[in-house]
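Read the structure below first, then the notes.
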Amino acid sequence: MRVLAAMSGGVDSAVAAARAVEAGHDVVGVHLALAEVSGHSVRDRGKGCCTPDDARDAGRVADVLGIPFYVWDLAAQFRAEVVDDFVAEYAAGRTPNPCLRCNESIKFAAVLDRALGLGFDAVCTGHYARLVDGPSGRELHRAVDPDKDQSYVLGVLDADQLAHSLFPLGDSVKSEVRAEAAARGLIVAAKPDSHDICFIPDGDTAGFLRSRLGERPGEVVDTSGAVLGSHSGAYGFTVGQRKGLRIGTPAPDGRPRYVLDVSVVDNRVTVGPAEALDVLGLSGDHPRWCGAPTLGSFECLVQVRAHGDPVPADVTAIDSGLQIALREPVRGVAPGQAAVLYAGTRVLGSATITATV
Amino acid sequence: MTYLDHAATTPMLPEALAAMTAELGRVGNPSSLHGSGRQARRVVEESRETVAAALGCRPGEVVFTGGGTEADNLALKGLYWARSREDAARRRILISAVEHHAVLDPAAWLAQEQGAVLEVLPVDSHGRLRPETLRAAIEADPASVALVSVMWANNEVGTVQPIAELSAVAREFDVPLHSDAVQAVGTLPVDFAASGLSALSLTGHKLGGPLGVGALVLVRGMVPTPLLHGGGQERDVHSGTLDTPAIAGLAAAIEAAVRNRDAHSAMLLDLREGLVAGVLAAVPDAQYNGDPVDRLPGIAHFSFPGCEGDSLLMLLDARGIECSTGSACSAGVARPSHVLLAMGHDEASARSSLRFSLGHTSTGADVAALLEALPPVVERAQRAGEIAAARHKPRIRLG
């Protein structure tokens with residue numbers, strides 16, 4: 001197969017590319033330049049160069065693997081489809097997952113389309129997930145490493161996208177991947193994992209949103225409507241958040257309080273006790289199926305955040321959305337997050353959470 | 001492998017390789033006073049005389065540098081500093097819009113950090129700076145011009161600038177004109193004294209010499225403020241131990257390149273005409289860029305409508321054809337070329353281009369290999385472009 005290996009400059013995508021080469025594929029490495037740095041006076045030099053260090057690391061790995069290597073500038077698309085969407089979602093009081101969005105609209109859409117157009121058969125990434133060719137087509141499954149499993153953020157890929165994907169790391173644990181990178185002499189073997197949102201490298205999401213959306217002072221209230229404090233923008237809060245509420249007076253029972261609701265319409269943040277976060281019902285729209293759609297009513301497991309535990313649920317699916325009745329309560333579910341459906345280790349599909357009960 | 005990227009760098013000429021390797025085994029710092037030093041100094045000074053003879057300048061006007069970028073930086077920064085210190089009113093730097101980044105970026109830096117006023121002069125659709133454009137810019141306030149810099153020939157599209165006419169305008173107002181002649185020396189007649197230039201940059205590896213060595217030719221009396229301070233080599237203008245082997249290689253390359261220039265240029269022109277005719281026949285909607293007549297013999301530059309230049313490059317690379325999109329930043333992200341934008345191309349057109357450049361090792365077989373590989377590559381790149389465009393439908397958000 002002709003394989004386009006997306007190489008971030010990190011250890012995972014490096015080893016994924018190496019394994020694709022070893023499997024006998026004809027591999028070309030591509031680094032996706034996604035970040036926009038403020039421009040240069042005469043020459044727009046910064047724009048499009050992701051972090052030049054990451055691009056250089058990816059290029060060094062490609063050279064060691066003996067594969068061609070190019071940098072594709074997707075900064076404008078990434079800004080429009082991921083960063084602006086992220087800001088708009090927060091501004092609307094929802095909590096988006098930008099990695100999922102990037103997989104859906106950049107890596108397995110813009111990049112895959114271009115790769116297929118240029119004659120490649122598949123895009124290879126360093127995601128921890130497994131592809132299994134089942135009786136009714138290709139299936140997406142959890143990785144064997146439970147700590148690294150990234151099937152959640154891939155729950156937006158359809159059958160066609162999965163048919164043109166390659167995830168060589170799904171059967172490995174992270175320590176093996178690092179050891180393999182070292183054994184192959186790849187300079188990124190000891191490079192730290194990235195955890196933050198890539199376009200907010202300092203991890204200060206609230207500060208990033210404030211810089212994009214400005215200050216919008218409002219009230220923090222309890223479930224009775226009593227004003228407990230103030231905030232500088234409801235968009236900076238996420239359902240389930242405990243820290244940074246800046247409430248002077250403790251709750252009457254002395255127990256910690258959490259964000260229960262973020263209302264952008266009246267710019268109000270409602271807080272309350274942990275048990276009020278318990279959710280048993282979810283509605284979702286924008287359903288995506290990792291294979292044939294599973295319509296009707298069925299039992300499955302539902303996971304509502306990237307590193308959350310799956311819980312058993314009864315799901316009713318129609319073309320336009322999902323109704324999910326959880327068999328045990330889940331805490332802190334925010335609209336905008338994805339509900340990903342699993343049958344055992346297999347990912348059935350996902351939907352964007354619109355409402356909780 | 002078909003190498004069509006000689007404007008990026010070209011193989012060393014046998015004469016240069018021989019001259020350089022002969023020196024690599026010898027010891028001697030040209031600044032030392034003993035016999036070994038004197039031997040090295042003799043090589044350096046004979047090289048300087050060889051370079052001067054080939055370029056029509058005096059040996060004392062040649063300053064060896066670590067390459068073209070360093071020569072350009074020394075010209076731009078060094079002359080700006082020297083000229084503005086003599087007269088604080090001299091703040092304006094005039095450059096053409098199609099300069100190499102080795103000129104553009106130091107000029108922009110001087111404007112950003114050193115109080116210079118940068119004026120980027122527009123070019124016509126062939127990439128030529130018209131003498132009347134330069135005249136109007138200087139005339140606006142001649143006393144405030146620190147320097148003018150206009151390249152001899154463009155590295156992307158190959159257009160040759162009317163240096164003699166531009167130089168006459170600059171001289172009329174008594175302002176120094178520097179020219180980056182990195183692409184010109186070896187294929188075009190370059191006579192420094194006859195050109196009337198105040199300064200000229202060249203580099204070894206574009207004309208069959210070694211990498212990492214070049215020269216700035218400075219007319220007598222034109223003394224830039226140095227970028228490098230130290231041992232005072234090169235008349236205090238460029239400190240640092242002289243690289244005898246590289247300088248010997250550079251001199252041998254220039255001597256050979258200039259001696260064989262007419263035959264070499266005729267050979268390149270013949271190959272280029274075949275290449276251009278073949279490309280236009282194979283891809284009828286391709287656009288041939290640059291001045292149709294006044295251009296470097298070895299450069300052919302095209303826009304391929306509907307294609308991404310870096311898709312074309314990748315697909316050709318996979319077939320063993322090596323060329324360039326003409327512009328890349330250090331991280332390898334292709335930006336639309338400022339040269340093409342200045343010539344009036346839109347961004348899509350500027351992104352759709354490729355440069356094929358020929359050199360002394362090029363043959364008809366190279367051109368034939370390109371012409372065989374190109375049609376399917378263009379077809380595929382066009383299809384990839386159509387798929388990408390089709391995908392850009394508005395996304396529907398539910399809820």
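The values are calculated or read from the model by the stated rules, or taken from the named source; none is laboratory data. Since we're looking at a predicted model, the values are computed, not measured. Note that each Cβ is placed from the backbone with ideal geometry, even for glycine, and that neighbours are counted across all protein chains shown.
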Output the number of residues of region B:319-333 satisfying the condition of being modelled with pLDDT of 95 or more and either more than 22 Å from B:G364 (Cβ to Cβ) or among the β-branched types (V, I, T) (or both). 1
Here the residues within region B:94-124 that are among the hydrophobic types (A, V, I, L, M, F, W, C), closer than 19 Å to B:P162 by Cα and touching a helix residue (DSSP H, G or I) at 6+ places or on another chain (Cβ under 7 Å) are B:L94, B:I95, B:A97, B:V98, B:V103, B:L121, B:V123
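Could you check how many residues of region B:185-224 are basic (K, R) and crowded, with 18+ Cβ neighbours inside 10 Å?
1
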Going through (1) under 19 Å from A:L112 (Cα atoms); (2) at pLDDT 95 or above; (3) more than 8 Å from chain B (Cβ to nearest Cβ); (4) crowded, with 18+ Cβ neighbours inside 10 Å one by one, A:L32 fails only at (2)
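Matching residues to (1) among the small types (G, A, S); (2) outside the structural domain of B:H238 (by TED's automatic domain parsing); (3) assigned to a helix (DSSP H, G or I); (4) at pLDDT 95 or above:
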site: B:T21; (1), (2), (3), (4): no, no, yes, yes
site: B:G37; (1), (2), (3), (4): yes, no, yes, yes
site: B:V43; (1), (2), (3), (4): no, no, yes, yes
site: B:V63; (1), (2), (3), (4): no, no, no, yes
site: B:T69; (1), (2), (3), (4): no, no, yes, yes
site: B:G78; (1), (2), (3), (4): yes, no, yes, yes
site: B:W81; (1), (2), (3), (4): no, no, yes, yes
site: B:R90; (1), (2), (3), (4): no, no, no, yes
site: B:L94; (1), (2), (3), (4): no, no, no, yes
Do we have any residue at all in region B:244-265 that's at pLDDT 95 or above, more than 22 Å from the chain's Cα centre (by Cα) and not aliphatic (A, V, I, L, M)? yes
Looking at (1) crowded, with 16+ Cβ neighbours inside 10 Å; (2) over 23 Å from A:P98 (Cα atoms); (3) in contact with a strand residue (DSSP E or B) (Cβ under 8 Å, 6 or more places away or on another chain), can you tell me which one A:Y235 breaks? (2)
Counting only residues that are surrounded by 20 or more Cβ atoms within 10 Å (Cβ to Cβ) and among the aliphatic types (A, V, I, L, M), which one in region A:63-79 is nearest to the other protein chains (Cβ to nearest Cβ)? A:V71
Considering region A:80-102, residues that are outside any loop (DSSP other than H, G, I, E, B) and either of a type in the set (K, R) or over 18 Å from A:I353 (Cα atoms) (or both), and then whichever is farthest from the other protein chains (Cβ to nearest Cβ), we arrive at A:V83
Among the residues of region B:240-279, which ones are crowded, with 19+ Cβ neighbours inside 10 Å, among the β-branched types (V, I, T) and either free of Cβ contacts under 8 Å to residues at least 60 places away in the same chain or more than 20 Å from B:G209 (Cα to Cα) (or both)? B:V279
Scan of region B:276-331 for residues that are within 22 Å of B:Q161 (Cα to Cα) and β-branched (V, I, T), ordered by number: B:V276, B:V293, B:I299, B:T325
Exactly one of these conditions fails for B:I396: (1) assigned by TED's automatic domain parsing to the domain that holds B:A266; (2) at pLDDT below 90. Give me its number. (1)
Does region A:254-307 hold any residues that are over 15 Å from A:L322 (Cβ atoms) and among the hydroxyl-bearing types (S, T, Y), and which are they? A:Y258, A:S263, A:T270
Qualifying positions in region A:251-267 - surrounded by fewer than 16 Cβ atoms within 10 Å (Cβ to Cβ) and under 16 Å from A:G225 (Cα atoms): A:A251, A:P252, A:S263, A:V265, A:D266
May I ask you to list the residues in region A:98-130 that are surrounded by fewer than 22 Cβ atoms within 10 Å (Cβ to Cβ) and of a type in the set (D, E)? A:D113, A:D121
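Listed here are the residues, each with its yes/no results for (1) farther than 21 Å from A:V153 by Cβ; (2) in contact with a Ser or Thr (Cβ under 9 Å, 6 or more places away or on another chain); (3) of a type in the set (A, V, I, L, M, F, W, C).
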{"site": "A:G296", "(1), (2), (3)": "yes, yes, no"}
{"site": "A:D309", "(1), (2), (3)": "no, no, no"}
{"site": "A:A313", "(1), (2), (3)": "no, no, yes"}
{"site": "A:L322", "(1), (2), (3)": "no, yes, yes"}
{"site": "A:P329", "(1), (2), (3)": "yes, no, no"}
{"site": "A:G332", "(1), (2), (3)": "no, yes, no"}
{"site": "A:P335", "(1), (2), (3)": "no, yes, no"}
{"site": "A:L341", "(1), (2), (3)": "no, yes, yes"}
{"site": "A:G349", "(1), (2), (3)": "no, yes, no"}
Would you kindly identify the strands (runs of 3 or more DSSP E) lying entirely within region A:257-332 that contain at least 2 residues that are in contact (Cβ under 8 Å) with a residue 40 or more places away in the chain? A:258-263, A:268-272, A:278-289, A:296-303, A:321-331
Restricting to region A:185-221, count the residues that are within 19 Å of A:A334 (Cβ to Cβ) and more than 24 Å from the chain's Cα centre (by Cα). 4
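Listed here are the residues, each with its yes/no results for (1) buried (at least 21 other Cβ atoms within 10 Å of the Cβ); (2) modelled with pLDDT under 95; (3) part of a loop (DSSP other than H, G, I, E, B).
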| residue | (1), (2), (3) |
| --- | --- |
| A:V132 | no, no, no |
| A:L140 | yes, no, no |
| A:A179 | no, no, no |
| A:A190 | no, yes, yes |
| A:G203 | no, yes, yes |
| A:G207 | no, yes, no |
| A:E219 | no, yes, no |
| A:S224 | no, yes, yes |
Within the set of pairs 6+ apart or on separate chains, which have a first residue in region A:62-80 that is in the same structural domain as A:I106 (by TED's automatic domain parsing), a second that is charged (D, E, K, R) and at pLDDT 95 or above, and C-beta atoms under 8 Å apart? A:V64/A:R184; A:P68/B:D317; A:F69/A:D63
Is it true that some residue in region A:178-195 is in contact (Cβ under 8 Å) with a residue 24 or more places away in the chain and in contact with a Phe, Trp or Tyr (Cβ under 9 Å, 6 or more places away or on another chain)? no
How about region B:267-326: which of its residues are under 17 Å from B:S352 (Cβ atoms) and either outside the structural domain of B:E347 (by TED's automatic domain parsing) or touching a His at 6+ places or on another chain (Cβ under 6 Å) (or both)? B:N289, B:G290
If A:A109 satisfies every condition in (1) within 17 Å of the chain's Cα centre (by Cα); (2) more than 14 Å from chain B (Cβ to nearest Cβ); (3) in a helix (DSSP H, G or I) but one, which is the exception? (2)
Could you name every one of the strands (runs of 3 or more DSSP E) located completely within region B:105-219 that has at least 3 residues being within 25 Å of B:Q233 (Cβ to Cβ)? B:177-180, B:199-203, B:214-218
Out of A:S136, A:S165, report the one residue that is more than 16 Å from the chain's Cα centre (by Cα), closer than 25 Å to A:P96 by Cα and of a type in the set (S, T, Y). A:S165
Please tell me if A:P329 is closer than 28 Å to A:A163 by Cβ, modelled with pLDDT of 90 or more and outside the structural domain of A:L100 (by TED's automatic domain parsing). no
